[in-house]
Amino acid sequence: MFLEREWEPPGGPPDRKPTISAREERMLLRLVVLGVILSLIAPIGGASLVQAIVALF
């Protein structure tokens, strides 16, 4: 990253806080899981994705 390997910037990088809290992370995970479940069982054009995958094999 730097031209001289021995040189380091003074101080160092600032501490970073997490951008989302633990509660927000759990809620986001639940929403992702719900979206995956709904995409597998929701009918799309009269057939679910599971039926489409079964029809391919």
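How far, in nm, would the chain grow between Arg26 and Phe57 when pulled straight, counting 0.36 nm per residue and subtracting the alpha carbon separation? List each step's numbers first, then the result.
On the way: separation 31, 0.36 × 31 = 11.16 nm, distance 3.57 nm.
Once the chain is fully extended between Arg26 and Phe57, it gains 7.6 nm.
Which length gain, in nm to one decimal place, applies between Leu40 and Leu3 when the Cα-Cα distance is subtracted from 0.36 nm times their residue separation?
8.2 nm
Between Val33 and Thr19, what length comes free when the chain is fully extended (0.36 nm per residue of separation minus the Cα-Cα distance, one decimal in nm)?
Using 0.36 nm per residue and subtracting the Cα-Cα distance, I get 3.0 nm.
A short reminder: the numbers here are calculations on the coordinates, not readings from a lab. Remember, it's a predicted structure, so these values are computed and weren't measured experimentally.
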